[in-house]
Amino acid sequence: VQLQASGGGLAQAGGSLTLSCEPSGSLYMYSLMSWYRQAPGKERELVARITSDRSTNYVDSVQGRFTISRDNARKTLYLQMNSLKPEDTAVYYCYVERAGNNYWGQGTEVTVSS
């Protein structure tokens, strides 16, 4: 499984960015799809996840600001990030599970300036 993430960049506080991740093959194969992030000097943390039946969960710090979604037709996982804060600065990683195995994509860097 190959994961291609994109959409990171520089944003101002209060701005928005949309991250995308395109796993190989149909999204129906993936029971769980998630976004993680790792800020400098910190451990990697789960940001949001979405199951195959589109149930979602978010870390408290992004609740109400970020939205995770999966478009099966476009074979793409998204993370819409609004009202960005400097503390959202991190490398963001997509993660998927399929048939008991898990896979990580390469990171995409998000920098939020104050």
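The values are calculated or read from the model by the stated rules, or taken from the named source; none is laboratory data. A quick note: this is a predicted structure, and the numbers were derived from the prediction, not measured. Every residue, glycine as well, gets a Cβ built from its backbone with ideal geometry; the counts of neighbours run over all protein chains shown. Areas reflect the complete protein model, heavy atoms only, side chains present, ligands, DNA and RNA absent. Shrake-Rupley method; radii C 1.70, N 1.55, O 1.52, S 1.80 Å.
Residues that are in contact (Cβ under 8 Å) with a residue 40 or more places away in the chain and polar (S, T, N, Q) were ranked within the range 39-80; the one that is nearest to Q106 (Cα to Cα) is T76.
Contact map, the range 10-38: residues that are touching a residue at least 24 places away in the same chain (Cβ under 8 Å) paired with residues that are open to solvent by less than 20 Å² (accessible area, probe 1.4 Å) and part of a loop (DSSP other than H, G, I, E, B), Cβ distance under 6 Å, separation 6+ or inter-chain. Pairs shown: A11/L84; G15/L84; C21/G105.
Once the range 1-16 is narrowed to residues that are of a type outside the set (G, A, S) and open to solvent by 30 Å² or more (accessible area, probe 1.4 Å), the residue that is farthest from Q80 (Cα to Cα) is V1.
This table checks each residue for (1) in a strand (DSSP E or B); (2) surrounded by fewer than 15 Cβ atoms within 10 Å (Cβ to Cβ).
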| site | (1), (2) |
| --- | --- |
| S20 | yes, no |
| G25 | no, yes |
| Y36 | yes, no |
| P40 | no, yes |
| V47 | yes, no |
| N57 | yes, yes |
| L77 | yes, no |
| Y103 | yes, no |
